[in-house]
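*Asks:* One structure is given below, represented as structure tokens, and several questions about it will come after.
The values are calculated or read from the model by the stated rules, or taken from the named source; none is laboratory data. All figures in this text were calculated on a predicted structure; none of them were measured in a lab. No Cβ is skipped: glycine too gets one built from the backbone with ideal geometry, and neighbour counts run over all protein chains shown. Areas reflect the complete protein model, heavy atoms only, side chains present, ligands, DNA and RNA absent. Shrake-Rupley method; radii C 1.70, N 1.55, O 1.52, S 1.80 Å.
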Amino acid sequence: MIESVLHYLVPALLVVGTVVFMEWFAAWSHEHIMHGWGWGWHKSHHEPHDEALEKNDLYAVAFAFFAVFLFWLGATWFWPIWWIAVGISIYGVLYFFFHDGLVHQRWPFKYIPRKGYLKRVYQAHRLHHAVEGRDGCVSFGFVYAEPVERLVKKLHQNKRGFDQTALKDDDGRPEAH
Ligand SMILES: [Zn+2]
Ligand SMILES: [Zn+2]
């Protein structure tokens, strides 16, 4: 019994816990680091451009290196760290799916969610990009998103003009950047 708890329950909790923690950490660092002293890299993600890659992608590369380092630590020193690395990697996939794929369409097909939670995540991040510059932005998470009405209210409270087309879901609108 104790054996199987160690074998299945502990890894499962470590993975799920890490994924949840990573969403919190990603939102926190997006707000306080990328929109703070880390704006130098993140700026590239808030400006329109034609290149396939952005300086901002270096953040994903840094996270990937960190995950590889944790896999190594877990394999050579303390096994639970290996499962934490699995959680970070799963979060990386979720981040790519929601942020790079769904919102920014960096994959080779076009799919715009029209209803439900995916639409909410999509619109929330479009609202993140609706304010020009690094200040007064809303919705810093990637997998969890607040209800869209609440985000619009916040934008009004921040007293920043924002691009209303972010809320439109017709195909004629310009692509998200
Ligand atoms: Zn941002
Ligand atoms: Zn974005």
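*Asks:* Out of F97, F142, report the one residue that is away from ligand 1 (no atom under 16 Å from the Cβ) and closer than 21 Å to L53 by Cα.
*Replies:* Values: F142 fails: away from ligand 1 (no atom under 16 Å from the Cβ).
Step by step, each of F97, F142 is checked, and only F97 is away from ligand 1 (no atom under 16 Å from the Cβ) and closer than 21 Å to L53 by Cα.
*Asks:* Okay, next question. I need a count of the residues in segment 133-158 that are in a loop (DSSP other than H, G, I, E, B), open to solvent by 50 Å² or more (accessible area, probe 1.4 Å) and over 23 Å from V19 (Cα atoms).
*Replies:* Start the filter on segment 133-158 by keeping residues that are in a loop (DSSP other than H, G, I, E, B), which leaves 133-147, 158.
Filter once more, so that each one left must be open to solvent by 50 Å² or more (accessible area, probe 1.4 Å): 134-135, 144, 158.
Next, from what is left, pick out any that are over 23 Å from V19 (Cα atoms): 134-135, 158.
Going through segment 133-158 one residue at a time, the tally reaches 3.
*Asks:* OK, next. Before we move on, is R126 under 27 Å from W37 (Cα atoms) and part of a helix (DSSP H, G or I)?
*Replies:* Working: under 27 Å from W37 (Cα atoms): yes; part of a helix (DSSP H, G or I): yes.
When the stated conditions are applied, R126 passes them.
*Asks:* Please tell me if G74 is more than 18 Å from the chain's Cα centre (by Cα), part of a helix (DSSP H, G or I) and crowded, with 16+ Cβ neighbours inside 10 Å. Let's see the steps before the verdict.
*Replies:* Numbers: more than 18 Å from the chain's Cα centre (by Cα): yes; part of a helix (DSSP H, G or I): yes; crowded, with 16+ Cβ neighbours inside 10 Å: yes.
Judged against the criteria, G74 is a match.
*Asks:* Suppose we filter V148, V138, V143, V121 for residues that are within 20 Å of G36 (Cβ to Cβ) and aliphatic (A, V, I, L, M); which single one remains? Quick ask: steps written out before the conclusion?
*Replies:* On the way: V148 fails: within 20 Å of G36 (Cβ to Cβ); V143 fails: within 20 Å of G36 (Cβ to Cβ); V121 fails: within 20 Å of G36 (Cβ to Cβ).
Sole residue among the options that is within 20 Å of G36 (Cβ to Cβ) and aliphatic (A, V, I, L, M): V138.
*Asks:* Which condition from (1) hydroxyl-bearing (S, T, Y); (2) closer than 21 Å to Y91 by Cα; (3) within 13 Å of ligand 1 (Cβ to nearest atom) is the one that T18 breaks?
*Replies:* Only one criterion is unmet by T18, namely (3).
*Asks:* Kindly provide the set of residues from segment 84-106 that are under 18 Å from W24 (Cβ atoms) and either of a type outside the set (A, V, I, L, M) or not in a helix (DSSP H, G or I) (or both), ordered by number.
*Replies:* Of everything in segment 84-106, those that are under 18 Å from W24 (Cβ atoms) and either of a type outside the set (A, V, I, L, M) or not in a helix (DSSP H, G or I) (or both) turn out to be G87, S89, Y91, G92, Y95, F98, H99.
*Asks:* Can you confirm whether segment 25-48 contains a residue that is more than 16 Å from ligand 2 (Cβ to nearest atom), over 23 Å from A145 (Cα atoms) and buried (at least 16 other Cβ atoms within 10 Å of the Cβ)?
*Replies:* Scanning segment 25-48, I find no residue that is more than 16 Å from ligand 2 (Cβ to nearest atom), over 23 Å from A145 (Cα atoms) and buried (at least 16 other Cβ atoms within 10 Å of the Cβ), so the answer is no.
*Asks:* Which of (1) more than 14 Å from ligand 1 (Cβ to nearest atom); (2) under 21 Å from H35 (Cβ atoms) does I88 not meet, given it meets every other one?
*Replies:* (2)
*Asks:* When you go through H129, H125, H104 one by one, which is the residue that is within 15 Å of ligand 1 (Cβ to nearest atom) and open to solvent by 30 Å² or more (accessible area, probe 1.4 Å)?
*Replies:* Details: H125 fails: open to solvent by 30 Å² or more (accessible area, probe 1.4 Å); H104 fails: open to solvent by 30 Å² or more (accessible area, probe 1.4 Å).
Checking each option against the conditions leaves just H129.
*Asks:* Can you tell me which of Y117, Y111 is open to solvent by 80 Å² or more (accessible area, probe 1.4 Å), part of a helix (DSSP H, G or I) and either of a type outside the set (A, V, I, L, M) or within 22 Å of R160 (Cβ to Cβ) (or both)? Write out each step before concluding.
*Replies:* Values: Y111 fails: part of a helix (DSSP H, G or I).
Result: Y117 is the single residue among Y117, Y111 that is open to solvent by 80 Å² or more (accessible area, probe 1.4 Å), part of a helix (DSSP H, G or I) and either of a type outside the set (A, V, I, L, M) or within 22 Å of R160 (Cβ to Cβ) (or both).
*Asks:* Take S44 and decide whether it is part of a helix (DSSP H, G or I), under 30 Å from A130 (Cα atoms) and within 16 Å of ligand 1 (Cβ to nearest atom).
*Replies:* Working: part of a helix (DSSP H, G or I): yes; under 30 Å from A130 (Cα atoms): yes; within 16 Å of ligand 1 (Cβ to nearest atom): yes.
Yes.
*Asks:* Looking at A124, A130, can you tell me which residue is over 30 Å from G17 (Cα atoms), touching a helix residue (DSSP H, G or I) at 6+ places or on another chain (Cβ under 9 Å) and among the hydrophobic types (A, V, I, L, M, F, W, C)?
*Replies:* Criteria check complete, one pass: A130.
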